[in-house]
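Have a look at the structure below before the remarks.
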Amino acid sequence: MAAPGKLKKTFRDPLGKNNPVFAQILGICSTLAVTNKLENTVIMSLGVLFTTSLSGLTISLIRKWIPARVRMMVETLIIASFVIIVDITLRAYMPEVWQQLGPYVGLIITNCIIMGRAEAFALNNPPGLSLVDGIASGIGYSYVLIVIAFFRELLGTGEVWGFTVLGSWWTNWSIMIMPPGAFFMLAIFIWFVKGMIIKEEEAAK
Amino acid sequence: MNKDGFYATRIYPIIFMVLVTVVFISGVSGIYLSTKDRVELNETIFQKMAVLYAAGIDYPEGDPQGIQRVYEQHVSEVAGTSGSDEEPRYFELKLPDGETGYAVFTRGAGLWGEIVAIFGFEQDLQTITGVEFVEQNETPGLGARITEDWFKQQFRGKRGPFEMVEEGTADEVNELDAITGATRTSDAVLKIANRATDTAQEKVKGE
Amino acid sequence: MTASSIAIFFAAIFTNNILLSNYLGMCSFLSVSREIKTSVGLGVAVIFVMASTSALNWLVYNYILLPFGLEYLRFIVFIIVIAAFVQLVEMVIERVSEVLYAALGIFLPLITVNCAILGVSLFMVIREYSLLESFTFGLGSGIGWFLAIMAMAGIRQKLKRARIPHGLEGAGITLIITGMMALAFMGFSGMLPIG
């Protein structure tokens, strides 16, 4: 096991300034589409979290035996297997959610974050650390999307998790639940976070 | 291991790949097979729930045996030639008020793919007792809102031919609330709803 | 059937552009759209691969996976078909035409991880398209993606000298422009009578 310092850094980095979504703009494809409903986003995020953490762990466990030539193929295969497990589980135990998510569960495979973490981290680090890295990346990814979904659902339908929050005085911003809304919301979020980072850096000077 | 040998560069990667594939595919297949029955059960229960919902009959949610029992009490499937695949021609219902009702499958093109719905009718084959959408590929959060309760509930007691009006303004017996931002899906549902009445007439009476 | 294929083709380009309404292929879209020249290269490669793999995956799905009851393995199989196809094309291009290889070669590996390619194959299965429909859907989606990235590269080139709030530089402004493009493309939705 690595030194506690490294463990802490591994966990904290993806949550803060190295967040996969707003620092690297990676992997938003598969999940952005379902961010117009908080419930779907949370379930989708759990799927991503499950896949990043377990694929990181698995790849790290067998990293010494993976031949360099077929490295990408092996990684893809492992990631795809975990995604299929998510898909099957959802289908068996949450059929309604499964139907709503449609093809987006499968698209977790091409989520650049998972592949990126496997390549950049799991291949060179011990299993424990890779698992932590996977979990942290998954959480760092999820919370951004959950924030976006929260605002999109709230502004677009006046509801949160299907419960009406804003009263009848609220006029729904339909644009928020339509595709452009996701782009605007994500841009505003990035603006906000980057603005804070810039301020912090200036204060540090 | 010899790094540049024939074995290391040609044979080993292949063996490794095959091994990984076999391990993972068998793992995945195992999980698939172990949930297969559940998925099938889900599907039959899903259809039964849809018929009960369309008939406006209460059923115990999340209790497969309970649903089965209520279904057997209230619904009888009438088989026939024009039903596709394993679908019954129509369902004969015992409505909550003791009257006889009917339910039929109705299909139509949606924005992205086929929409399949079950419509329930009172004995006059005009007044709708309810609707459930069993298959749809509409845009999540927009067109897919046709599966939300407020949208489906508004069909109860309505009679065709229908008209779609702006969301939240329907008050006539033939008016339905459209979904803001999902014009295409709303139009598609309108078509399906109007077709449902014809389908019911044709299937139930044309025996 | 032909009529529906044509409708699907135009819907995939305009009203339901795979990038602007399904957010697929965002990663490479954001990173490559800086230059017009590279955008064109990647765009052309995407059109070609998308159209071919959607047809190829349709054949694999309907003639291999379905008859053997293996449809639950489709994620793995599709991604392998795509990866293998891209690899094959790369090898062929390298042997056949050096000019083409210089223009497209470096983009091909990028494509395997482009979510839009896999997305098209998955949509095709869920929507139960026929072979022709799948092909036109893949072709249309590719062209739609090409249009979006071209337009974006053009706009970004003009923005190079513009003054932008610090926090919005890079990804932020790109996303806002993408949002506006999505809005503009929604305007096409009156154009097609589908369904």
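B:ARG107 - would you say it is surrounded by fewer than 18 Cβ atoms within 10 Å (Cβ to Cβ) and not hydrophobic (A, V, I, L, M, F, W, C)? Break it down into steps so the answer makes sense when it comes.
Details: surrounded by fewer than 18 Cβ atoms within 10 Å (Cβ to Cβ): yes; not hydrophobic (A, V, I, L, M, F, W, C): yes.
Judged against the criteria, B:ARG107 is a match.
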Do you know which residues across segment B:102-145 are in contact with an Asp or Glu (Cβ under 7 Å, 6 or more places away or on another chain), within 11 Å of chain A (Cβ to nearest Cβ) and outside any loop (DSSP other than H, G, I, E, B)? B:GLU135, B:ALA144
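Find the residue count for segment A:146-205, including only residues that are outside any helix (DSSP H, G or I) and of a type in the set (Phe, Trp, Tyr). Walk me through how you get there before you give the answer.
Residues of segment A:146-205 that are outside any helix (DSSP H, G or I), as a first pass: A:158-173, A:178, A:205.
Narrowing the set further to residues that are of a type in the set (Phe, Trp, Tyr) leaves A:161, A:163, A:169-170, A:173.
Number of matching residues: 5.
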Please enumerate the residues belonging to segment A:151-205 that are more than 7 Å from every other protein chain (Cβ to nearest Cβ), touching a residue at least 60 places away in the same chain (Cβ under 8 Å) and over 14 Å from A:VAL34 (Cα atoms). A:VAL160, A:GLY162, A:PHE189, A:VAL193, A:ILE197
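I want to confirm something. Restricting to segment B:152-174 and keeping residues that are charged (D, E, K, R) and not in a loop (DSSP other than H, G, I, E, B), which single residue is farthest from B:VAL51 (Cα to Cα)? Outline the logic, then answer.
First, the residues of segment B:152-174 that are charged (D, E, K, R): B:152, B:156, B:158-159, B:163, B:166-167, B:171-172.
Right, trim to not in a loop (DSSP other than H, G, I, E, B) and you get B:152, B:159, B:163.
Details: B:LYS152: 13, B:ARG159: 19, B:GLU163: 24 Å.
Per the criteria, the residue is B:GLU163.
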Please state which of the following conditions B:PHE46 fails to meet, knowing it meets all the rest: (1) away from chain A (no Cβ under 14 Å); (2) part of a helix (DSSP H, G or I). (1)
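Evaluate the following for B:PRO88: is it modelled with pLDDT under 85 and over 30 Å from A:ILE85 (Cα atoms)?
Numbers: modelled with pLDDT under 85: yes; over 30 Å from A:ILE85 (Cα atoms): yes.
Criteria met by B:PRO88.
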Leading residue by the ranking (nearest to the chain's Cα centre (by Cα)) among those in segment C:137-188 that are within 12 Å of another protein chain (Cβ to nearest Cβ) and in a loop (DSSP other than H, G, I, E, B): C:GLY170
Is it fair to say A:ASN40 is facing chain B (nearest Cβ under 10 Å), buried (at least 20 other Cβ atoms within 10 Å of the Cβ) and at pLDDT below 80? no
Anything in segment A:111-135 that is out of contact with any Asp or Glu (no Cβ under 6 Å at 6 or more places or on another chain), surrounded by fewer than 24 Cβ atoms within 10 Å (Cβ to Cβ) and among the hydrophobic types (A, V, I, L, M, F, W, C)? List them, or say none. A:CYS112, A:MET115, A:ALA120, A:LEU123, A:LEU129, A:LEU131, A:VAL132, A:ILE135
Based on what the data block shows, is C:SER121 polar (S, T, N, Q), closer than 24 Å to C:ALA11 by Cβ and either surrounded by fewer than 23 Cβ atoms within 10 Å (Cβ to Cβ) or more than 12 Å from chain A (Cβ to nearest Cβ) (or both)? no
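Determine, yes or no, whether A:THR58 is surrounded by fewer than 23 Cβ atoms within 10 Å (Cβ to Cβ) and either part of a helix (DSSP H, G or I) or facing chain C (nearest Cβ under 10 Å) (or both). Let's see the steps before the verdict.
On the way: surrounded by fewer than 23 Cβ atoms within 10 Å (Cβ to Cβ): no; either part of a helix (DSSP H, G or I) or facing chain C (nearest Cβ under 10 Å) (or both): yes.
For A:THR58, the condition - surrounded by fewer than 23 Cβ atoms within 10 Å (Cβ to Cβ) and either part of a helix (DSSP H, G or I) or facing chain C (nearest Cβ under 10 Å) (or both) - is not met.
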From (1) closer than 13 Å to B:VAL20 by Cα; (2) within 7 Å of another protein chain (Cβ to nearest Cβ); (3) buried (at least 24 other Cβ atoms within 10 Å of the Cβ), pick out the condition that doesn't hold for A:TRP65. (3)
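The values are calculated or read from the model by the stated rules, or taken from the named source; none is laboratory data. Just so we're clear, the structure is a prediction, and the values are computed from it rather than from any experiment. Glycine also receives a Cβ, built like all others from the backbone with ideal geometry; neighbour counts cover every protein chain displayed.
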